[in-house]
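The structure appears right after this line, and notes come after that.
Nothing in this text is a laboratory measurement; each read-out follows from the coordinates by a stated rule. Given the structure is predicted, the values throughout are model-derived calculations rather than measurements. Positions of Cβ are generated from backbone atoms using ideal geometry, with glycine treated the same way; all protein chains shown enter the neighbour counts.
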Amino acid sequence: MALNPEQQAAVDAPFGSNLVIASAGTGKTSTIVARIERLLTEGIDPREILLLTFTNKAAAEMVGRLERRFGKLAIEAGTFHAVSYRWLKEIDPTLTLKEPKELKLLFKTVYGRRDFKRAGFEGDPYQAGTLFDLYNLYQNSQPAISFGEWVGERSREQREFREVYDDIVQEFEELKGEYGYLSFNDLLLKAIDYRESIRPFREVLVDEYQDTNNLQARFLESLSTESLFCVGDYDQSIYAFNGANIAIIASFTQRYRNGRVLNLSKNYRSTRPILDLADRVISHNERIFPKRLEVMRREEGVPPKLLAFPDLYAQYEGIARMVASSPTPKDRIAIIFRNNSSADGIETALRERGIGCKRRGGISFFDLAEIKAFFDLLALTLNPKDMIAFIHIMEFAKGIGAHIGKELYEGAVLCGEGDLVKGLLDPLERNPFVKRERNVQLALFDDFVQMGSKGNFHGVVGDSFLSSPLLLHPKLSQEGALFLEELASLFRRLRPIRRTEKYVQILLESGIYRHIVEKLASKRAKLKDGSIDPRLREEALKRIEGRKGLIRELASHYGGIHSFYNAMVLGSSEMAQGEGVHLLTVHGSKGLEFDEVYIIDLMEGRFPNTKLARREGGSIEEERRLFYVAVTRARDILYLSYARYDPVRKEEFRPSRFLREAGLIS
DNA sequence: ATTAATCCAGTTTTT
DNA sequence: CTGGATTAAT
């Protein structure tokens with residue numbers, strides 16, 4: 001595709017600090033690709049080019065376009081996080097990421113150890129979950145003050161808790177270290193720490209620069225590069241909740257002396273009526289730079305159409321009906337919503353009409369119990385310090401809950417002199433479960449307990465495991481003993497394994513995973529009276545078998561078992577399932593385009609999500625930018641839809657103010 | 001004191 | 001449909 005003069009100017013911009021302001025649909029991706037092409041044809045080593053994007057999919061697509069022309073390329077490309085991980089892996093190949101959900105749980109237990117009332121506080125502290133989210137935002141915003149001070153500055157009422165909050169995050173950080181956990185933010189923070197060991201680049205290209213937060217900006221500054229090429233559009237900044245800071249793009253020329261700003265203003269994507277509508281609405285936001293978008297498409301275009309429905313379900317039905325009868329190929333249609341909660345309703349309505357749809361994340365594969373269990377098992381074998389994974393696995397055994405799980409873990413670590421694997425396979429011969437004082441004074445009694453406990457597990461565990469001091473736990477159940485032995489045997493069998501496929505195979509076929517799978521299948525086959533239907537059980541097992549196959553298939557694409565695990569944590573939400581109409585949140589739709597777009601649930605409260613807009617980080621301007629992003633995904637046809645009533649919550653709706661701003665209602 | 005079962009409320013966007 | 005909280009059972 002030929003470039004227009006503006007695009008060419010960006011491609012040809014000399015080395016230095018370049019900022020390209022690229023409005024929606026102005027050929028941003030093509031420009032980045034052409035820029036890299038130019039660098040390559042000038043003879044720059046691909047290894048000296050770094051491309052940072054917002055999703056790994058976007059990076060893969062751009063690299064794919066380049067490779068079609070140049071063949072296999074060694075360009076470093078991916079999200080900030082994926083790239084950081086790749087570098088850190090070379091420094092420490094065993095580091096393992098932990099899901100934000102799990103970290104939140106850990107944070108909650110740390111928080112739970114504080115008793116605010118008893119400590120004499122009057123006011124209401126933030127809840128654990130809120131505080132955890134705030135902590136992430138704090139890390140992303142990188143202020144110079146402590147977390148507690150920062151919270152106190154944003155809210156007067158919270159000032160009294162600032163020391164407690166500092167204490168909580170300190171303990172949380174210590175525990176993370178103890179268990180060997182890394183959060184997404186830790187990837188960037190660690191990469192900044194190791195900046196000296198990261199190779200220099202000739203040019204670093206940054207896509208979606210408007211969504212950069214302070215942590216990412218610091219990461220960029222820590223890189224050694226001759227030239228910076230940032231592409232963004234402040235009207236599409238929609239990640240304030242994640243610390244995205246428009247000031248970063250707005251202050252580019254102040255921060256980079258000799259920084260150049262280039263503009264891409266010719267829109268090739270959408271028809272005039274669609275762009276006019278987008279423009280009318282976004283003009284209600286304060287303009288940072290006046291921006292004029294030139295419509296390049298010649299045809300008159302179809303005016304966007306407003307759809308009003310009496311209630312939510314009539315809306316989902318109606319949209320499904322329209323999609324069904326539309327001549328547009330299904331995979332070039334997108335249904336876009338503000339909140340993920342809209343997805344289920346529309347998906348059901350589409351299903352009923354036999355229309356397939358493609359949905360990201362959602363009721364994910366990774367939320368299934370058997371998949372979670374697999375990844376806990378994998379996480380534990382990769383990082384034996386992962387106490388939480390150990391407990392999750394042991395909880396499948398009857399009679400073992402969080403408490404005993406934790407005691408077993410600590411016992412094993414004690415018997416292994418700090419090493420869980422040693423504690424399982426080659427333990428010191430002593431009872432780790434008696435209090436030390438007692439141990440000294442009542443040595444004879446200990447012996448008695450040992451003999452007695454071990455006797456219970458004859459026939460349950462093998463001879464070699466029968467001598468394990470872990471079996472001395474007074475409340476250990478038979479199943480618990482079996483699980484411990486199976487776990488020990490799994491560690492033994494995995495030790496010499498290098499190949500990813502083999503490693504995954506052994507995990508999936510291990511005794512412990514088989515037990516877990518059978519328990520899950522039985523649970524799912526349980527009838528109302530408590531009995532198990534063998535047919536249902538067979539079906540459940542079959543479904544699980546299929547999912548095991550999927551895990552094998554996923555794993556086969558990765559060179560190392562650590563890479564596989566970390567890629568699953570980093571990219572699980574990017575994976576989409578299904579074929580057909582695209583179901584997307586506005587955030588998920590960023591950077592994509594479709595012939596026909598339906599924006600649904602355009603009601604006050606929902607979109608704009610007024611609850612979020614009132615919260616810190618949110619604003620009605622941000623909601624308006626979200627609307628702008630959604631509208632500018634459309635090439636030819638745009639429908640805007642709302643419903644007047646929610647029959648489940650018995651709630652009346654008013655149409656979104658954006659519909660008024662768009663001139664569609666008065 | 002722990003674990004298992006049962007019932008009730010609630011549901012933000014992403015790496 | 002899930003997570004949390006409450007309750008029953010061990």
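So if I take the centroid of the Cα atoms in segment A:589-604 and the same for segment A:459-525, what is the distance between those two points in Å? If we compute the Cα centre of each part, the gap is 48 Å. Each label was represented as a point 7 Å from its Cα along the Cα-to-Cβ direction; for residue A:160 and residue A:299 these points are 6.5 nm apart.
Here the gap between residue A:515 and residue A:545, fully extended at 0.36 nm per residue and compared with their Cα-Cα distance, gives a gain of 9.4 nm. With the helix formula -39500 (n - 2.57) applied to DSSP H stretches of n ≥ 4, chain A reaches a computed 222 nm mean residue ellipticity of -15000 deg cm²/dmol. Are there GluC sites (Glu not before Pro) in segment A:299-377 that DSSP puts in a loop and that have at most 15 other Cβ atoms within 10 Å, and which ones? Those satisfying the criteria are A:299, A:300.
Return A:183, A:23 ranked ascending by Cβ neighbour count within 10 Å, so the fewest neighbours appear first.
Lowest to highest Cβ neighbour count: A:183, A:23.
For segment A:349-421, trypsin sites (Lys or Arg not before Pro) are listed when DSSP marks them as loop and at most 13 other Cβ atoms sit within 10 Å of their Cβ; the list is A:353, A:398.
Evaluate E = 1/(1 + (r/R0)^6) for residue A:644 and residue A:280, where r is the Cβ-Cβ distance and R0 equals 35 Å; express this FRET efficiency to the nearest 0.05. The pair residue A:644/residue A:280 has a calculated efficiency of 0.90.
P(r) tail for chain A: Cα pairs beyond 32 Å make up 59% of the total.
Pairs exceeding 25 Å between alpha-carbon atoms, taken from A:385/A:526; A:108/A:372; A:72/A:548; A:98/A:358; A:72/A:330: A:385/A:526; A:72/A:548; A:98/A:358; A:72/A:330. Each label point was placed 7 Å from the Cα along the Cα-to-Cβ direction; for residue A:195 and residue A:502 their separation is 4.2 nm. Taking label positions 7 Å along the Cα-Cβ direction at both residue A:109 and residue A:47, the computed distance is 4.3 nm, reported to one decimal. Treating r as the C-beta distance of residue A:403 and residue A:3 and R0 as 56 Å, the FRET efficiency rounds to 0.30. Going 7 Å from the Cα of residue A:222 along its beta-carbon direction, which residues of segment A:83-112 have the amide nitrogen within less than 16 Å of the resulting point? Under 16 Å, as judged by backbone N against the label point of residue A:222, lie A:83-92 of segment A:83-112.
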